[in-house]
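The values are calculated or read from the model by the stated rules, or taken from the named source; none is laboratory data. This structure is a prediction, so every number in the text was calculated from the model and none was measured. Cβ placement follows ideal geometry from the backbone for every residue including glycine, while neighbour counts extend to all protein chains displayed. All accessible areas refer to the heavy atoms of the entire protein, side chains included, with ligands and DNA or RNA removed. Shrake-Rupley method; radii C 1.70, N 1.55, O 1.52, S 1.80 Å.
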Amino acid sequence: MSMKYLIGAAIAAAVSISVSAPSFADPIDDVIEARRGYYKLVGLNFGQVVAMAKGEADYDAEAAKNAATNLQALSKLHLLPLFPPGSDNEVKKGKTRSLAKIWSDFPGVVEKVQAWQGAVDNLVTVSADGRGALGPAVGEVGKTCGACHDAYRAKNF
């Protein structure tokens with residue numbers, strides 16, 4: 001065998017190994033990361049209307065409506081793919097605060113999500129009606145978030 005052939009074979013082998021090397025990433029970890037990203041988007045949009053309702057930011061009807069509408073769109077997403085069994089804090093210690101109770105009390109989860117969606121829908125309706133209308137609607141959304149957190153989220157990692 002010639003040296004050119006050996007070098008070419010070595011390069012081809014290295015390329016094929018790097019292209020076809022198996023991924024050692026855990027798909028559940030990827031889902032947990034996506035779920036955390038989803039809730040960061042929720043928090044970003046909700047935080048804008050909370051700040052306006054509290055007077056920590058100037059009230060801006062258009063910005064309030066945009067944030068509320070974004071929150072509404074997020075509330076309507078089909079979230080089941082973000083919550084596969086095995087993505088709870090008992091299995092994935094230190095990576096998530098989701099309690100395993102989510103999967104054993106799914107009807108309760110659905111009920112709380114529907115309450116949250118209704119509160120968000122109301123927030124959209126009143127978001128452009130001034131700070132006075134925004135405050136109670138923000139409070140109701142926060143209450144529905146808290147109800148789900150109290151039932152299905154660990155207090156800490």
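Solvent-accessible surface of the range 41-124, averaged per residue with a 1.4 angstrom probe and all protein chains in place: 54 square angstrom. Here ARG131 sits with roughly 90 square angstrom of accessible surface, probe radius 1.4 Å. Taking the range 136-157 and a reference point 7 angstrom along Cα→Cβ of LYS93, the backbone N atoms nearer than 18 Å belong to 154-157. Binning the C-alpha pair distances of the range 49-157 at 5 Å intervals from 0 yields a P(r) profile of 2, 13, 19, 19, 16, 13, 11, 6, 2, 0 %, listed from the shortest bin outward.
With R₀ fixed at 25 Å, the C-beta to C-beta distance from GLU56 to ARG36 puts the FRET efficiency at about 0.50. The 3J(HN,Hα) values that the Karplus relation (6.51, -1.76, 1.60; θ = phi - 60°) gives for the range 34-50 are, in residue order, 5, 4, 5, x, 4, 5, 5, 5, 4, x, 4, 6, 5, x, 5, 6, 4 Hz. Gly and Pro appear as x. Working note: Karplus 6.51/-1.76/1.60 with θ = phi - 60° gives the range 107-123 the couplings x, x, 4, 4, 4, 5, 5, 5, 5, 5, 4, x, 5, 5, 4, 5, 4 Hz, where Gly and Pro are set to x. Close amide H contacts of SER98 (hydrogens built in the peptide plane, cut-off under 5 Å, sequence separation of 5 or more or a different chain): ASN89, ALA154. Shape call for the range 85-128 from the C-alpha gyration tensor, a ≥ b ≥ c root eigenvalues: rounded (a/c under 1.5), prolate (a/b greater than b/c) or oblate? Oblate, because a/c is 1.5 or more while a/b does not exceed b/c. Note on GLU62: accessible area approximately 130 square angstrom, rounded to 10, probe 1.4 Å, nucleic acids and ligands left out. A simple spin-label model places the labels of ASN66 and VAL113 2.9 nm from each other, with each point 7 Å out along Cα-to-Cβ.
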